[in-house]
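Structure, as structure tokens:
Read-outs: derived from the displayed coordinates by stated rules, not from any lab. All figures in this text were calculated on a predicted structure; none of them were measured in a lab. Counting neighbours? That spans all protein chains shown, and the Cβs are built from the backbone with ideal geometry, glycine included.
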Amino acid sequence: MTDFQTLLSEGPAILVEIEAVKGSSPREAGTCMLVSATRIWETIGGGQFEYMAIDHARAILDGRTEIDVLDIPLGPEIGQCCGGRTLLRFTKVTEAVADALITRMRKAEDQQPSVFIFGAGHVGKALANSLSLLPLKVSVFETRREELIGVPGTVSTHLTAMPEAMVSNIPAGGAAIIVTHDHALDFMIAKEALGRDDLAYIGMIGSKTKRATFANWVAREGHVGTLDNLVLPIGGTLVKDKRPAIIAALVTSEVLHAIQHFAARAQVQSGSALR
């Protein structure tokens with residue numbers, strides 16, 4: 001929250017919030033941003049729509065208007081082509097408004113899905129860098145202390161002799177990405193992950209050959225169940241580029257899609273149970 005708190009410490013600010021949306025819009029209802037005389041924090045979608053919101057917020061700060069609601073058409077009138085409409089509300093940031101926003105942000109952070117990355121080699125670090133930019137709780141687990149050097153500071157790091165034991169700590173709806181330096185360790189972690197039915201994504205770095213080898217291994221180990229929930233190889237097969245940053249970009253997309261699909265399915269099931 002550093003940028004947010006810095007903006008508020010510098011003087012008066014306006015909270016700009018999308019109160020309602022009709023049709024297509026750059027962001028959904030509930031999205032907000034802060035505007036001060038010299039700074040902005042977050043975004044409500046960018047483009048001419050956002051510039052208008054910033055100008056209006058600063059007009060309120062300057063005392064040039066007291067209008068606190070704008071109904072903006074996202075069409076040719078303002079040089080955009082979304083086609084919808086957005087209702088914006090402008091609120092002067094008081095101590096109570098700031099406290100409420102902080103509480104809201106903390107609640108949102110608490111509800112962020114968890115991603116456990118097992119391995120902090122080249123691909124593990126690339127994944128940590130990519131995923132750390134997203135609204136996710138990212139943790140990295142490694143057996144080698146020196147490999148944890150260079151992991152982004154916003155990512156939780158853990159040195160452990162038994163990373164497979166950490167699988168049980170992944171919150172429901174989370175993801176396990178297995179990219180260690182040791183195939184045997186990969187297999188043990190994957191076996192633990194596949195023993196759960198409440199993870200959104202289980203992925204292991206490798207190849208079709210590694211998948212076949214793993215299938216034989218779990219059969220010998222007496223694993224009961226299916227490997228359908230295992231993504232191996234991770235990152236898909238359409239892009240033939242094995243550089244860590246490319247793999248990380250592809251896997252990030254896979255993980256986001258899996259987490260969103262899992263959450264949507266859980267919501268539907270919850271609604272069905274209530275009826």
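Some values worked out for this structure:
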| read-out | value |
| --- | --- |
| Global form of the chain, assessed from the alpha-carbon gyration tensor, a/c cut-off 1.5 | prolate |
| For the chain, calculated [θ]222 nm from helices alone, where every DSSP H run of n ≥ 4 adds -39500 (n - 2.57) | -12500 deg cm²/dmol |
| Region 85-118 and region 1-30: distance between their alpha carbon centers, rounded to Å | 9 Å |
| Gyration tensor verdict on region 160-275 (Cα atoms; rounded if a/c is under 1.5, prolate if a/b is larger than b/c, oblate otherwise) | oblate |
| Förster-model FRET efficiency, 22 Å R0, Ala245 and Thr43, C-beta, rounded to 0.05 | 0.30 |
| Anchor Lys242: lysines whose Cα lies under 18 Å away (excluding residues fewer than 8 positions away in-chain) | Lys125, Lys208, Lys210 |
| The chain - percent relative contact order, Cα under 8 Å, separation 6 or more | 13 percent |
| FRET efficiency, Ala20 to Thr154 (Cβ-Cβ, R0 35 Å, nearest 0.05) | 0.60 |
| Local electrostatic count at Phe90 - Lys and Arg +1, Asp and Glu -1, tallied over other residues with Cβ under 14 Å | -4 |
| Theoretical gain in end-to-end length, Ser9 to Arg64 [0.36 nm per residue, Cα-Cα removed] | 17.5 nm |
| Calculated from backbone phi, Karplus (6.51, -1.76, 1.60) coupling profile of region 123-138 in Hz, x at Gly/Pro | 6, x, 5, 4, 5, 4, 5, 5, 6, 5, 7, 9, x, 9, 9, 10 |
| Rel. contact order, % - alpha carbon contacts under 8 angstrom, at least six apart, region 113-270 | 23 percent |
| Where labels lie 7 Å past Cα in the beta-carbon direction, separation of Asp228 and Asp197 in nm | 1.2 nm |
| Distance between modelled label sites at His183 and Met105, nm, 7 Å Cα→Cβ extension | 4.7 nm |
| Peptides ranked, highest mean first, by Cβ atoms within 10 Å: ranges 252-264, 193-205 | 193-205, 252-264 |
| Relative contact order of region 2-109, pairs being alpha-carbon contacts under 8 Å that are 6 or more residues apart, as % | 31 percent |
| Added length on full extension, which subtracts the Cα-Cα distance from 0.36 nm per residue, Val97 to Ala172 | 23.8 nm |
| Built amide H within the under 5 Å cut-off of Leu199, gap 5+ | Gly173 |
| Computed lengthening from Asp55 to Asp71, 0.36 nm per intervening residue step minus Cα-Cα distance | 4.3 nm |
